[in-house]
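Visitor: Mind looking over this structure? Questions follow.
The values are calculated or read from the model by the stated rules, or taken from the named source; none is laboratory data. Here the structure is a predicted model, which is why all the values come from computation and not from measurement. Backbone-built Cβ (ideal geometry, glycine too); neighbour counts: all protein chains shown. These area figures cover heavy atoms from the full protein model, side chains too; ligands, DNA and RNA do not enter into them. Shrake-Rupley method; radii C 1.70, N 1.55, O 1.52, S 1.80 Å.
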Amino acid sequence: MSEAKFKQIAQTIISRITEGYYPPNSKLPPHRVLADELNTTPVTVAKAYKLLVEQNRVESFVGRGTFVCGESQLSRVIHASEDETEFNFSILQPCLSHNIIALQDGFQKAATRITPQLIGYAEYSGHQQHRQVGVEWAARYGLSGGTLENTLLTDGAQNALALLIEALTKPGDTIAIESLTYPGILAIASLMRREVIGIEMDAHGITPDGLQHVLQTAKPKVVIVVPSHQNPTGVSMPAARREIIAQLIRDSHTWLIEDDIYGFLNPAPIPAICNWLPEQGFHVTSLSKAISPALRCGFIKVPDAQISTINAHIRANIWLSSPFNYQVAAELVSSGMAFELAQRQQQLAQQRQQIAQEILTPETPHQHGYHIWLKLPPHWQPERFVLEAAKRHLLVSSGSYFAVHQPTNHIRLSLMSINSEARFREGLHQLKDLIDTCTTSTLPFQV
Ligand SMILES: Cc1ncc(COP(=O)(O)O)c(C=O)c1O
């Protein structure tokens, strides 16, 4: 069997998934049936299916067959568990116990401001004073040029990403993303049937050469970058690299979506890539990571010529994000409390990084973000590790869900979702014991 043949078959299947011929969750034909149709052997089809399993495009179940990955894989990689017996290292959220009193206060003040206008429908994605929250928040952490007119409100950054991908691309278009990326972006691309292509990364994020190559060969409609404390690798892009990346995108006439949701964690503000791309850059941020994901307060700074298009998409999708939640955000921003909470979470993240460094001694240098990207020793395969960890009530995320194409032997650990430091330490010690365990039951399984 030629090397290329099974890859060609896999590509055919991907095209059929993209075109909707094999919809999400549908069962793929048995090996023999597809082999006859494509004039090949069942062994070649089996190999193509195996490749697609590795790329997380399809799933195989013994005795049931192979299925197109459905809805999204987010629920398998990120667990929003409320079970006190679990050590949840899978979800990237602030240490929420530190924010409760400020939030209670914000909600109480917002409740006293309830007027018919506040609890009714609003134009332009939300009220002016709520768009002002987005302008101030993004400006504090490195964005310039945000105004009441070009700053639009969404239900968090996830909603902003989905709206932008929907508005800027169509099914079958290619989106260029970091070669290891936030699975929420992969989930949107998969559900909306957009192709993705990974851009090579180094210790400072996507590389100029990698971006240049992808722009020239794949002609993506959109490039998506998470420039600060990137999810999952944790790397941050310095200002000089940002300027070069902006220049390459400007020259290629491509859109940029800059997801700067972790920008507030930088020790000092770094200019947004969008600062160099006023006509092509969409800057996304939200209050989820500094204050609370339950607020669902997200912001997009939109190029002037695109404001009405993106407003139309917001209106068609959600009409407007909850003005009451934005009123809470407005209370916290106008009193300065929002920025204090952000700073506290930033300090806490640094402490947690230090503790993780001591207990796990990871290869990666010390970072400032909410998570670490941990390389497993060769005796562990990430999926197997996640299963074994779950048996011990340790919830971690397998690196394979973040990989666009290449295999990875990493897991991602959130350092902030366990509120108590004592439990956090205990969970890390248990993880360390498991990582160091090497028994026959932990040997990689054959797919
Ligand atoms: C890079 C990135 N973008 C967006 C989101 C979603 O954020 P939000 O809660 O504001 O929708 C996350 C959440 O983990 C993320 O890591």
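Visitor: On full extension of the chain, what length is gained from residue 129 through residue 166, given 0.36 nm per residue of separation minus the C-alpha to C-alpha distance?
Guide: 10.6 nm
Visitor: Continuing with the same structure: Of the listed pairs 27/170; 301/375; 7/27; 5/27; 221/301; 219/375, which have alpha-carbon separations greater than 27 Å here?
Guide: Where the Cα-Cα span goes over 27 Å, the pairs concerned are 301/375; 219/375.
Visitor: Calculate the translational D of the range 3-68 in whole µm² s⁻¹ from Stokes-Einstein, where the hydrodynamic radius comes from the Kirkwood formula applied to all Cα pairs, the temperature is 4 °C and the viscosity 1.567 mPa s.
Guide: Approximately 112 µm²/s, per Stokes-Einstein.
Visitor: Something else: Counting alpha carbon pairs within less than 8 Å and at least 6 residues apart, what relative contact order, in whole percent, applies to the range 115-335?
Guide: Computed over the range 115-335, the figure is 28 percent.
Visitor: Right, next: Just to be sure I understand the model, the point goes 7 Å from the Cα along the line to the Cβ. What's the resulting residue 383 to residue 41 distance in nm?
Guide: Each label point lies 7 Å from its Cα, and together they span 2.4 nm.
Visitor: Using a 7 Å offset from the Cα along the Cα-to-Cβ direction at both residue 361 and residue 294, what is the distance between the two label points in nm, to one decimal?
Guide: With each label placed 7 Å out from Cα toward Cβ, I get 4.1 nm.
Visitor: Using alpha carbons only, how many angstrom separate the centre of the range 336-376 from the centre of the range 77-108?
Guide: The two parts, judged by their Cα centres, are 16 Å apart.
Visitor: Turning to a different aspect of this structure: Can you quote the Å³ per residue value for the convex hull of the Cα atoms in the range 165-281, rounded to an integer?
Guide: Hull volume normalised by residue count: 91 Å³.
Visitor: Tell me, what is the 1.4 Å probe accessible area of residue 54, in Å² to the nearest 10?
Guide: For residue 54, the solvent-accessible surface is approximately 100 Å².
Visitor: Hey, how many Å between the Cα centroid of the range 172-238 and the Cα centroid of the range 378-404?
Guide: Each part reduced to its Cα centre gives a spacing of 23 Å.
Visitor: Is there a quick way to get the dipole size of the range 115-335? I mean about its Cα centre, with the Cβ of Lys and Arg at +1 and of Asp and Glu at -1; what is the value in debye to the nearest 20?
Guide: 260 debye
Visitor: In deg cm²/dmol, rounded to 500, what helix-only [θ] at 222 nm does the chain give when every DSSP H run of at least 4 residues adds -39500 (n - 2.57) and the total is split over its residues?
Guide: One gets -13000 deg cm²/dmol as the mean residue ellipticity at 222 nm.
Visitor: If you don't mind, there's one more thing I want to ask. Suppose each label sits 7 Å from its Cα in the direction of the beta carbon; what would the residue 393-residue 147 distance come out to in nanometres?
Guide: If labels sit at residue 393 and residue 147, their model points lie 5.6 nm apart.
Visitor: Over the alpha carbons of the chain, what is the largest minus smallest coordinate on each principal axis, giving the biggest first in Å?
Guide: So the three principal-axis extents are 68, 50, 43 Å.
Visitor: While we're on this one: Sort 437, 154 by heavy-atom solvent-accessible area, probe 1.4 angstrom, most to least.
Guide: Sorted by accessible area, descending: 437, 154.
Visitor: Between residue 433 and residue 139, 0.36 nm times their residue separation minus their Cα-Cα distance comes to what?
Guide: Using 0.36 nm per residue and subtracting the Cα-Cα distance, I get 101.5 nm.
Visitor: Between residue 308 and residue 27, what length in nm is gained on full extension when 0.36 nm per residue of separation is reduced by their alpha carbon distance?
Guide: My answer for the length gained is 97.1 nm.
Visitor: Please list, or write none, the aspartates and glutamates whose alpha carbon is within less than 15 Å of the alpha carbon of residue 289, excluding same-chain residues fewer than 8 places away.
Guide: Result set, ordered by chain and number: 155, 259, 260, 340.
Visitor: Right, next: Counting only protein heavy atoms and using a 1.4 Å probe, what share of the accessible area of the chain belongs to carbon plus sulfur, as a whole percent?
Guide: 54 percent
Visitor: If you average the sequence gap of Cα pairs under 8 Å that are 6 or more apart and divide by the length of the chain, what percent do you get for the contact order?
Guide: Computed over the chain, the figure is 20 percent.
Visitor: Which of the listed residues, 346, 56, 419, is farthest toward the dipole's positive end in the chain, when Lys, Arg count +1 and Asp, Glu count -1 at the beta-carbon?
Guide: So the residue we want is 56.
Visitor: What's the magnitude of the charge dipole for the range 3-68 around its Cα centre, counting Lys and Arg as +1 and Asp and Glu as -1 at the beta-carbon? Answer in Debye, nearest 20.
Guide: The dipole of the range 3-68 has a size of about 100 debye.
Visitor: Averaged per residue, what accessible area in Å² does the chain show with a 1.4 Å probe, protein chains only?
Guide: Accessible area per residue: 43 Å².
Visitor: Next question, about the same structure. For the chain, what is the charge dipole size about the Cα centre, in debye to the nearest 20, if Lys and Arg each add +1 at the Cβ and Asp and Glu each add -1 at the Cβ?
Guide: 620 debye
Visitor: If you take the charge dipole of the range 334-398 about its Cα centre, with +1 on Lys and Arg Cβ and -1 on Asp and Glu Cβ, which of 334, 368, 355 is farthest toward its positive end?
Guide: 355
Visitor: Still on this structure, please answer the following. Rounded to whole Hz and in sequence order, give me ³J(HN,Hα) for the range 208-219 from the Karplus expression 6.51 cos²θ - 1.76 cosθ + 1.60, θ = phi - 60°, writing x for Gly and Pro.
Guide: For the range 208-219, the Karplus-derived couplings read x, 5, x, 5, 4, 4, 5, 4, 6, 8, 9, 6 Hz, x marking Gly and Pro.
Visitor: Residue-wise, which Karplus ³J(HN,Hα) couplings in Hz belong to the range 138-152, taking 6.51 cos²θ - 1.76 cosθ + 1.60, θ = phi - 60°, and x for glycine or proline?
Guide: Per-residue couplings from phi come out as 5, 5, 4, 10, x, 8, 10, x, x, 9, 4, 7, 9, 9, 10 Hz.
Visitor: Let me ask something additional. Within 10 Å, count the other beta carbons around each residue, average over each peptide in 92-101, 123-132, and list them highest first.
Guide: Packing order, densest peptide first, comes out as 123-132, 92-101.
Visitor: Given the options 294, 405, 128, identify the residue whose Cα lies farthest towards the positive end of the charge dipole of the chain (+1 on Cβ of Lys, Arg; -1 on Cβ of Asp, Glu).
Guide: Of the listed residues, the answer is 405.
Visitor: Let me ask something else about it. Which whole number in µm²/s is D for the range 115-335 by Stokes-Einstein, with the Kirkwood Rh taken over Cα pairs at 4 °C and 1.567 mPa s?
Guide: Reported coefficient: 75 µm²/s.
Visitor: A further question follows. Between the range 12-58 and the range 109-148, what's the alpha-carbon centroid distance in Å?
Guide: Their Cα centres are 48 Å away from one another.
Visitor: Hey, another quick one. What ranking of 297, 438 comes out by heavy-atom accessible area, probe 1.4 Å, highest first?
Guide: 438, 297
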